[in-house]
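Report on one structure; see the data block that follows.
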Amino acid sequence: MHQQIYDTILNRILYSDYAPGEILNEQVLADEFNVSRTPLRKVLFRLEWENLLRVVPRTGAIVTEIEFHKMRHVFQIRFELEDLAGRLAAQNIHPVQLDRIQKLIQDCEALFSVPQQSRKLIELDLRFRNIIYAAADNPILTDQSRYLYHLTLRLTATLFNTGDWSDLVQMSHDEYAEIHAALARKDARAVGALRRKWLGLHIDRIRLKF
């Protein structure tokens, strides 16, 4: 599978550059990426497996709608995985990874003074998750968590686009700071509980919005 093409199309879906229900033309995409349709189809079929596209013969690839009735089940599983990832990360965290989270907190603080940009907060969240999962050092857990996270990320992007910017930035900042402190203490139980707490608060915001 062509990783660069996959990453590009994935990001366009997650950031809603491709809207739910939009039809993607295979030939147009193949021309854009300067590849034949064979490697492109491998990417599209992978995204279909991830429930972000639906490939329809003689039509194209359709960006899946956000199925709200499924999100509750996705979040139920994410609660358990985030708890586990947090506990494993606390056991294995390296000083370099703690420094990276501290730098991320500083980058988050800088967002208070910029215009609202949902991508900025999502990029920070992705960086934070990557550090946590690298510390957890369980590739199966990482893969499953990433798959579920992608299913809910379009909801997050919508929330970040419409909520109060200062409030959203503050919430992200507080999450990273609290978890950083617990990781520094290597308090596995506390990190797991905090991962649950902040995911729960995020779900509450989504519930109020939608």
Calculate how steeply helix 165-184 sits against the longest principal axis of the alpha-carbon atoms of the chain, using the helix alpha-carbon long axis, and give the answer as 0 to 90 degrees to the nearest 10. 60 degrees
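Under 12 Å from the Cβ of Glu48, count the other residues' Cβ atoms, weight Lys and Arg +1, Asp and Glu -1, and hand me the total.
Numbers: positive: Arg41, Lys42, Arg46, Arg54; negative: Glu50.
Counting the neighbours of Glu48, the net charge comes to +3.
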Highest GNM mean-square fluctuation among Ser145, Ser36, Ser16, for the chain with Cα springs under 10 Å, belongs to Ser36
Give me the one-decimal Kirkwood hydrodynamic radius in Å for region 1-138, with the sum taken over alpha-carbon pairs. 17.5 Å
If packing is taken as the mean number of other Cβ atoms within 10 Å per residue, what is the order of 154-160, 107-113, highest first? 154-160, 107-113
Rounded to the nearest 10 degrees, what's the angle between the helix 118-136 long axis and the longest principal axis of the chain, both from Cα atoms, 0 to 90? 70 degrees
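Peptides 130-138, 23-31: what's the order by average Cβ count within 10 Å, highest mean first? Walk me through the intermediate numbers first.
Details: 130-138: 19.0, 23-31: 14.2.
Most protected by this proxy first, the peptides run 130-138, 23-31.
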Which of these, Glu50, Glu32, Glu82, has the largest mean-square fluctuation under a Gaussian network model of the chain (Cα springs below 10 Å)? Glu32
Which of the three applies to region 3-63, rounded, prolate or oblate, going by the alpha-carbon gyration tensor with a ≥ b ≥ c and a/c under 1.5 meaning rounded? rounded
The answer for Ile62, listing residues at least 5 apart or on another chain whose modeled amide H is closer than 5 Å to its amide H, is Leu24, Arg54, Val55, Val56
Which whole-angstrom value gives the distance between the alpha carbon centres of region 1-39 and region 147-210? 29 Å
Between helix 188-209 and the chain, what is the angle of the helix's C-alpha long axis to the longest principal axis, kept within 0 to 90° and rounded to the nearest 10? 50 degrees
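Each value in this text was obtained by applying a stated rule to the coordinates, not by laboratory testing. In this text the structure is predicted, and so the values were computed from the model without any measurement. Cβ coordinates were reconstructed from backbone atoms using ideal geometry, including for glycine residues, and neighbour counts include every protein chain displayed.
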